[in-house]
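Visitor: Got a structure for you, questions after.
Derivation of every value follows stated rules applied to the coordinates shown; laboratory data play no part. Please read all numbers here as calculations on a predicted model, not as lab measurements. Methodologically, a virtual Cβ is constructed for each residue, glycine included, from the backbone with ideal geometry; neighbour enumeration extends over all protein chains shown.
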Amino acid sequence: MSEVVSYNREGSIGVITVNYPPVNALGHAVRSGLLAALEQGQNDAEARAILLVCEGRTFIAGADIREFGKPIQEPLLPTLVNALENSDKPLIAAIHGTALGGGLETALGCHYRVALSNAKVGLPEVKLGLLPGAGGTQRLPRLTGARKALEMITTGEFIGANDALALGILDAVEEGDDIRAVGMAYAQKVIDDKKPVRRVRDMNDKIEADKGSDVFDQFRDELKKRARGLFSPFKCVDAVEAAFNLPFEEGLKRERALFTECMESPQRAGLIHSFFGEREVSKVKGLPKDTPVRDVNTVGIIGAGTMGGGIAMNFANVGIPVTIVEVKQEALDKGLAIIRRNYENSAKKGKLTQEQVEQRMALITPSLTYDDFRDVDLVIEAVFENMAIKKEIFARLDEVCKPGAILASNTSTLDIDEIASATSRPEDVVGMHFFSPANVMKLLENVRGSKTSDEVKATVMAVSRKIGKVGVMVGNCYGFVGNRMLHKRGTEAMSLVDEGATPQQVDKVLTDLGFPMGQFAMSDLAGIDVGYRIREERRKSGEDIPASWMDKLAEQGRLGQKTQAGVYKYEEGSRKPIPDPEVEQLIEQFRKEQGITPREITDQEILERCVYVMVNEGAKILEEGIADRPLDIDIVWIYGYGFPAYRGGPMFWADQEGLDTILSAVKKYQDTVGGEQWEPAALLERLVREGKKFGDL
Ligand code: T1G
């Protein structure tokens, strides 16, 4: 018998138990163990029904993703699921935690499914660039009908046990936390009631009902909007449609063929890199798992503006009381009003009840005095980017906050060490860089100062998880990881327009790559004045920041979406960027003033100068140890800046693009464009020399 799957009999019930931590994934050992246990149960004359149950925190959470891309070993999952279904003894799956992907497909191969009420089921393969490849696209619609199966499979979203019961995916749902007892009781009832073997493959009512439906084309149209650039969602629709057009066995073959196409798509590798990257970033180099973490049960926030308000919502959403301080009452009232409006918008969309809105608002206490921070565990400063003001604030916090309180800044660019130097406890100072809108964006770039203690680092990473963010720990430099690379891209995007490209041409190259929006549309969203103020701040501190046509936009009050005119113009109530001839004239005028003769610029040059420059900067960031691993940079860009996850992030994408190709282009632009951004990173040169990739680091 295998290590990870056991068979025993209790009374007249044969019990197959899977025990393969952390999530009972269907690795080779589990697949072969299950097949052997099934055979044992079949040959066990005393066993009149067979129960499949798992140890640990969850039922089977899918195929073992770590095996993807490696040579696959028999038995394949479809073989196993068909064998389960062909059992001539009733087979019951008892589900706790999650039944996902191949795990749900395994349960759909069983004849009955019972679950605990807090269990979840789903087919999330599409999130990995795949589709359910073990019969899920053929069996699920036989239980739910076409539309619900398409929804579950093209979104990959999990559903709760009670919803699954209502959809016919589950046969029973029980309260409690003892899945083995629930499973045994249900199996006994199957025996006592002489319930027959019941194969999902034979259930065709829902198939007949939706045969010839146009729901498949409806989903294809809808996916054009919400799955732009993605490959597998469309294959998911093709596979589910096959269940309605082909006999079951033919449908399985069609599913397998489409599954193989997805497996071979480069998007699969990118999305799986993102899946594991999102989990790996939580393991910070040099920070042992058992590093003590401080309790954070109360939070203070300085600034009730866009960022402060959004940050406050994250904590109220998880039941943590927040005190938000502003200098003036009207700023406080305005901030709280925006928070309430955001919550009420969620309630209008059915995402929250009005009672939950009131509960969360009750957790946010407005204040006009720092004294209210005396007992808080964590304070996050979210005022606009001015070093002098931030140092003043931290000096004040140092006076009023209790020992052990964590003092964090939401600065997006400024030096954490300099901010910390305004306090007597730099070891308790850290950067917590949220992304706008802070209650929505998943990334939290945590910035360690040179004196930040391990305890504080471990605590802000734990806080990130608690508020549902993907926390990445990075080092302290201007712009940290994300903005430092973004600035390089921004500089190149500006130069490309100076030299002859149009803003919309540059943006199209980035959206064609898969970014939700381009450089200039993003500036309009963030506000042209934000970048202008930062440039003016740097000019005031003596830095030589060249003039730009963007400054002229700001000086003309074209601040972006908020003024319905920036680089683009916007119709009333619309966020759709429309190229504006006035801006083209302004740019032409600027070129004349700068003595620039515009030239034809190719999309390839734009891609190279806007994205290769980021990769080169990313390599420098790794050299300096500002990021510990290339995947830290990838996750920052995927969750903070909309880099398409199916490309795996800028460093993973660079490996696919070819580091030698990128290096030779970097050297070309070093000669033709110049600037420190085109000085080749030593790491990039070394990797190319050694024929290695970022993925080898
Ligand atoms: N394979 C391998 N490792 C997995 C895994 C999997 N399917 N799922 C999780 N892990 C690891 C994860 O990397 C982490 O490892 C640990 O388990 C805990 O995970 C044919 C082809 C189950 C909801 O997409 O959504 O089936 O970091 O930190 O927050 O149709 O993990 O500790 O070393 O995420 O409690 C479909 C993926 C596969 C589900 C638990 N299944 N997993 O969340 O813990 S494709 C999925 C999840 C498939 C078939 C196809 C979540 C979770 P480490 P965690 P969590």
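Visitor: Could you tell me which residue out of 642, 658, 625 lies farthest along the dipole of region 617-662 toward its positive end? Charges go on the beta carbon: Lys and Arg +1, Asp and Glu -1, centred on the Cα centre.
Guide: Value: 642.
Visitor: Report Rg(Cα)/(2.2 N^0.38 Å) for region 458-528, keeping two decimals.
Guide: Working: Rg = 15.8 Å, N = 71, 2.2 N^0.38 = 11.1 Å.
Computed over Cα atoms of region 458-528, the ratio equals 1.42.
Visitor: Follow-up. Could you work out [θ]222 nm for the chain from helices alone, using -39500 (n - 2.57) per DSSP H run of at least four and dividing by all its residues? Round to the nearest 500 deg cm²/dmol.
Guide: Mean residue ellipticity, 222 nm, calculated: -14500 deg cm²/dmol.
Visitor: How much length would be gained if the chain were fully extended between residue 371 and residue 358, taking 0.36 nm per residue of separation minus their Cα-Cα distance, in nm to one decimal?
Guide: Length gained, residue 371 through residue 358: 2.1 nm.
Visitor: Right, next: Quick one: putting +1 on the C-beta of Lys and Arg, -1 on the C-beta of Asp and Glu, what dipole do you get for region 209-251 around its Cα centre, in Debye to the nearest 20? Don't jump to the answer; show the numbers that get you there.
Guide: Details: 7 positive and 9 negative charges, 78 e Å.
Using only the charged Cβ atoms, the result is roughly 380 debye.
Visitor: At each listed q (0.16, 0.18, 0.26 Å⁻¹), what is the log10 of I(q)/I(0) that the Debye formula gives for region 237-304 modelled as equal alpha-carbon point scatterers?
Guide: Log10 I(q)/I(0), no solvent term: -0.76, -0.85, -1.04.
Visitor: Right, here's the next one. Sorted by average packing, counted as other Cβ atoms within 10 angstrom per residue and highest first, what order do 513-523, 18-28, 290-300 take?
Guide: Sorting 513-523, 18-28, 290-300 by mean packing, highest first, produces 513-523, 18-28, 290-300.
Visitor: A follow-up question, please. Placing +1 on the Cβ of each Lys and Arg and -1 on the Cβ of each Asp and Glu in the chain, which of 473, 393, 165 has its Cα farthest towards the positive end of the resulting dipole?
Guide: Result: 165.
Visitor: Related question: If you place +1 on the Cβ of every Lys and Arg, -1 on the Cβ of every Asp and Glu, and leave all else neutral, what size is the dipole of the chain about its Cα centre, to the nearest 20 Debye? Display every interim value, and only then the final one.
Guide: Working: 87 positive and 104 negative charges, 177 e Å.
Here the chain has a charge dipole of around 860 debye.
Visitor: Size of the dipole of region 1-106 about the Cα centre, Lys and Arg at +1 and Asp and Glu at -1 on the beta carbon, nothing else charged, in debye to 20? Present the calculation step by step, with values, prior to reporting the outcome.
Guide: On the way: 7 positive and 12 negative charges, 43 e Å.
About 200 debye.
Visitor: A further question on this structure: Report, in degrees rounded to the nearest 10, the 0 to 90 angle that the Cα long axis of helix 528-540 makes with the longest principal axis of the chain.
Guide: On a 0 to 90 degree scale, this one is about 50.
Visitor: So how do 377-388, 334-345, 278-289 stack up, highest first, on mean other-Cβ count within 10 Å?
Guide: Highest to lowest by the protection proxy: 377-388, 334-345, 278-289.
Visitor: At q = 0.11 Å⁻¹, work out log10 I(q)/I(0) for the chain with the Debye formula, treating every Cα as an identical point scatterer and leaving solvent out; two decimals please.
Guide: -1.24
Visitor: What is the helix-to-structure angle for 630-640, meaning the angle in degrees between its Cα long axis and the longest Cα principal axis of the chain, kept from 0 to 90 and rounded to the nearest 10?
Guide: Approximately 80 degrees, to the nearest 10.
Visitor: At a Förster radius of 35 Å, what calculated FRET efficiency corresponds to the Cβ-Cβ distance of residue 46 and residue 151, to the nearest 0.05?
Guide: 0.25
Visitor: Okay, next question. Note the angle between two axes, namely the Cα long axis of helix 659-672 and the longest principal axis of the Cα atoms of the chain, as a number of degrees from 0 to 90, rounded to the nearest 10.
Guide: Roughly 10 degrees, rounded to the nearest 10.
Visitor: What lysines could a cross-link reach from residue 668, if we take a straight Cα to Cα line under 25 Å and drop same-chain neighbours fewer than 8 places away?
Guide: In chain and number order, the partners are 488, 508, 620, 692, 693.
Visitor: For region 273-407, what is the relative contact order in percent, using Cα pairs closer than 8 Å and at least 6 residues apart in sequence? Write down the numbers at each step before the final one.
Guide: Working: 178 pairs, mean separation 38.5, N = 135.
Worked out over region 273-407, it gives 29 percent.
Visitor: To continue, here is another question. Using DSSP, restrict attention to beta bridges with both residues in the chain and report what percent are antiparallel, rounded to the nearest 5. Mind dumping the intermediate values first?
Guide: On the way: 17 of 61 bridges.
So the antiparallel bridges in the chain amount to around 30 percent.
Visitor: When we measure straight from the Cα of residue 328, which lysines land under 22 angstrom away, once same-chain ones fewer than 8 places off are left out?
Guide: 390, 391
Visitor: Further, regarding this structure: Among 529, 221, which comes first, then next, by fewest other beta-carbon atoms within 10 Å? Spell out each step's value before the answer.
Guide: Numbers: 529 18, 221 9.
Ordered from fewest to most neighbouring Cβ atoms within 10 Å, 529, 221 come out as 221, 529.
Visitor: Turning to a different aspect of this structure: Starting with the fewest neighbours, write out 637, 653 ranked by other beta-carbon atoms found within 10 Å of each beta-carbon. Write down the numbers at each step before the final one.
Guide: On the way: 637 28, 653 25.
Least to most surrounded, the residues fall as 653, 637.
Visitor: Next question. Pull out the extension gain between residue 421 and residue 679, defined as 0.36 nm times the separation in residues minus the alpha carbon to alpha carbon distance; nm, one decimal.
Guide: Stretched out fully, the residue 421 to residue 679 stretch lengthens by 89.6 nm.
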